[in-house]
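Note sheet for the following structure.
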């Protein structure tokens, strides 16, 4: 399984991708949805508590 850094690189690639056809647009949307789901599945609220709280400004 890829780590979050790699997944964000893939997400950046697909966000910048310029499709030339309708099917390419559907591929782009599907890949973005797939990568976002993988990123969310990698997050663990207990393990990542400090990082999440520092990002949101909560204590």
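The values are calculated or read from the model by the stated rules, or taken from the named source; none is laboratory data. Since this is a predicted model, take the numbers as computed values, not measurements. Quick reminder, even Gly has a Cβ in these numbers, built from the backbone with ideal geometry, and neighbours come from all protein chains shown.
Observations, loosely collected:
- Residue pairs whose Cβ atoms lie under 7 Å apart, separated by 6 or more positions or on different chains, with the first residue in region 32-59 and without any contact (Cβ under 8 Å) to a residue 24 or more places away in the chain and on the phi < 0 side of the Ramachandran plot and the second surrounded by 10 or more Cβ atoms within 10 Å (Cβ to Cβ) and in a loop (DSSP other than H, G, I, E, B), do not occur.
- Listing of helices (runs of 4 or more DSSP H) fully contained in the chain that carry 1 or more residues being within 16 Å of the chain's Cα centre (by Cα), surrounded by fewer than 11 Cβ atoms within 10 Å (Cβ to Cβ) and modelled with pLDDT of 85 or more: 4-16, 22-42
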